[in-house]
Amino acid sequence: MLLNSKMENNILKDKSIGIFDSGIGGLTVAKEIIKHLPSENIIYLGDTARVPYGTKSKNTVIKYADSNSEFLLSKGIKLLVVACNTASAHAIKSLEEKLSIPVVGVIKPGAKKAVESTQNGNIGVIGTPSTINSGAYQREIKKINPEVKVFSKACPLFVPLAEEGWFDNDIAKSVAVKYLSELKEHKIDTLILGCTHYPILKKTIEKVMGEDVLLIDSAEQISLKVASIINRNGTVKKESSNISKRIYYLTDNSDTFISVANRFLGEDITEVKIVDIV
Ligand code: DGL
């Protein structure tokens, strides 16, 4: 039995970490995982054919999450990162029940970090309409500390701005001012970027919120969690197989993906593969 699980772990070691998002946003998480675990193989799936998820219903998002996970599993992954808040808000439970590999979502790590960081007990959460309406952050935060006040705001236009590569121009700034002024009035001192696309616009959001508001992007927490799971399970990639492979799949051609990804990741993605998973 022990021998079997050792053999299984040896096989798992060289498998990849699978990451999916509705598009480019999950790269904010991939970037941190690559930084903390540079020798791990990564398979990234951006579901550009079906983006945005943030305006879709729970059942639809669960269906998308299922097909994305099946695709990544077919490519040989040892752990799945759901690098999309909308998919994490709706599908994390069902994925955990269905899959036999560890599944890491983005909501819990962000909520935990925000509660640990706030000084005045006023936390803001921004995300897609679907994430905000799900109440997932509110629930997680209240579970940790029921005293904390949570102010939420859906910011749907941030997603197309990030996909377009408009991180810090005048249009991005005006949209941010319009969405965020309400949260400023509530005197929040901590703001959760509850959509993996939003860290791409971090500088603009920072400028609008001011330097007294701490922006929480759960990517770092997620990468630490991934590292601790593969360490604990004994599935860290073997040191002898040092060259890491990173493969990027999209479900539809996206002209901006490579340029935005290279600008944002600071590394050369020269090739993305288009797959039909629907
Ligand atoms: N990046 C995704 C998230 O974190 C959502 C973007 C979208 O597809 O609407 O929720």
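The values are calculated or read from the model by the stated rules, or taken from the named source; none is laboratory data. Small disclaimer: the values here were computed from a predicted structure and weren't measured. Don't worry about glycine lacking a Cβ; one is built from the backbone with ideal geometry, like all the others, and counts go over all protein chains shown.
Is it fair to say residue 152 is within 21 Å of residue 116 (Cβ to Cβ) and of a type outside the set (Asp, Glu)? Answer is yes for this residue. When each of 192, 274, 247 is tested for being buried (at least 20 other Cβ atoms within 10 Å of the Cβ) and aliphatic (A, V, I, L, M), the lone residue that passes is 192.
Would you mention how many residues in region 59-102 are surrounded by fewer than 20 Cβ atoms within 10 Å (Cβ to Cβ), of a type in the set (Gly, Ala, Ser) and touching a helix residue (DSSP H, G or I) at 6+ places or on another chain (Cβ under 7 Å)? Number satisfying all stated conditions: 1.
Sub-8 Å Cβ pairs linking a first residue in region 250-277 that is modelled with pLDDT of 85 or more to a second residue that is among the hydroxyl-bearing types (Ser, Thr, Tyr) and exposed (fewer than 10 other Cβ atoms within 10 Å of the Cβ), at least 6 apart or interchain, are 258/270, ordered by first then second residue.
Out of all the residues in region 45-65, is one or more in a helix (DSSP H, G or I), within 19 Å of residue 142 (Cα to Cα) and of a type in the set (Lys, Arg)? The answer is no; no qualifying residue exists. Residue-level analysis places residue 56 among those that are within 23 Å of residue 194 (Cβ to Cβ), touching a Phe, Trp or Tyr at 6+ places or on another chain (Cβ under 8 Å) and surrounded by fewer than 24 Cβ atoms within 10 Å (Cβ to Cβ).
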